[in-house]
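Beneath this line is the structure, given in structure tokens, with notes to follow.
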């Protein structure tokens, strides 16, 4: 659902409801957020200017990603998130669940058979299915449209679950009120929408620099803002009747965008500061990444795990040690004597040294790492390659990708 459509759903929201209702805007990389704000400026006269400071261009324009990268399809994004959040038997069951999903993202499998094949209770498998539904993109593995739509209602309209009953009436051909109908019209029809990779160049979303032995973090949100039109603010105070209502709605749209930017900025700043604090040895080149879990950061900041996950998704950070996906800094406990970070570093080194005309497959990379003493399976290589935002060998060959 496009941001402008979401903003039409509800104009009078407090700060907490706004965060819940604008979940998708948390996903946008900074470059796309800026473009959305510029598009809104063209439609809303209360926005006088989308302001980007000269300091932002100095810090960020000179630190673009070294080569074009992919914006992954919805399904690829989900697979990356599943592999980031689950492991072992949970991951195996999740992959079986996803193998039963159709092209629209709906689940058509048999929970009992999956449970039997893994020697677990059906409730265990059902819990994992519901967990997948909560990952980005939300709703994949829903059993039908009603379950998917109900999930959207709970996210977009917290405290208004009575809308689900109205939705059932609509599905059954019964009449519902016009206002309710307008709300429900904005629900997505299916969880999966895109199937193709988009190849594009993008700036990084955050920069971490080492200045006189101290790590300093910059967010693009620190340098972007929207400024109001003083003329329209004054006009809104003077006009009456329907014109006043029209201008009030536009003004509230401006205020909502302002709040969204502040929410993103505040929470991304907290997450970036936490990354800098925990991963200081790695960022200074003095050690490996330490354990940092999404759930622990969410608990410390007082926000949901899904919010943290959405905020760091599809965003890149330039550091003294290289440019990485934001998710790279969230590391599970080490296993088998080798940390995730060590393996991810090695995988990237191998890919950067490959022949662009004959890129390595995941099997090839696994064999190379085994020759160097790393006991790693092909699927582990695939998991960490995706976490690094690196496409498959076929895609790297076709597009000449270089991470």
Exercise for review: Tell me, yes or no, whether segment 355-374 has at least one residue that is more than 26 Å from residue 31 (Cα to Cα), modelled with pLDDT under 80 and not assigned by TED's automatic domain parsing to the domain that holds residue 133.
Suggested key: yes
Revision key, fill the gap. Considering segment 390-402, residues that are crowded, with 20+ Cβ neighbours inside 10 Å and not in a helix (DSSP H, G or I), and then whichever is modelled with the lowest pLDDT, we arrive at 401
Study note, to complete from the structure: Conditions (1) in contact with a strand residue (DSSP E or B) (Cβ under 8 Å, 6 or more places away or on another chain); (2) surrounded by 15 or more Cβ atoms within 10 Å (Cβ to Cβ) -> residue 155 fails only (1)
Review point. Where in segment 228-320 are the helices (runs of 4 or more DSSP H), entirely inside, with at least 2 residues that are over 26 Å from residue 345 (Cα atoms)?
Key: 230-238, 241-278, 294-301, 305-312
Check your understanding: For residue 45, all conditions in the list (1) under 25 Å from residue 139 (Cα atoms); (2) outside any helix (DSSP H, G or I); (3) modelled with pLDDT of 50 or more hold save one; what is the number of the exception?
Key -> (1)
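Which ones in segment 93-117 are part of a helix (DSSP H, G or I) and surrounded by fewer than 15 Cβ atoms within 10 Å (Cβ to Cβ)?
Selection gives 95, 112, 113, 116, 117.
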Point to revise | Complete set of residues in segment 357-373 that are in contact (Cβ under 8 Å) with a residue 24 or more places away in the chain, surrounded by 14 or more Cβ atoms within 10 Å (Cβ to Cβ) and within 17 Å of residue 345 (Cβ to Cβ) | key: 360, 362, 369
Check your understanding: Can you find even one residue in segment 53-67 that is touching a strand residue (DSSP E or B) at 6+ places or on another chain (Cβ under 6 Å), modelled with pLDDT under 80 and in a strand (DSSP E or B)?
Key -> yes
Study note, to complete from the structure: Counting only strands (runs of 3 or more DSSP E) wholly inside segment 148-222, the ones holding at least 2 residues that are more than 30 Å from residue 392 (Cβ to Cβ) and modelled with pLDDT of 75 or more are 206-211, 214-219
Study note, to complete from the structure: Within segment 118-144, residues being in contact with a strand residue (DSSP E or B) (Cβ under 8 Å, 6 or more places away or on another chain) and either at negative phi or exposed (fewer than 15 other Cβ atoms within 10 Å of the Cβ) (or both) number 6
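The values are calculated or read from the model by the stated rules, or taken from the named source; none is laboratory data. This one's a predicted model, so the numbers in the text were calculated from it and none came from an experiment. Note that each Cβ is placed from the backbone with ideal geometry, even for glycine, and that neighbours are counted across all protein chains shown.
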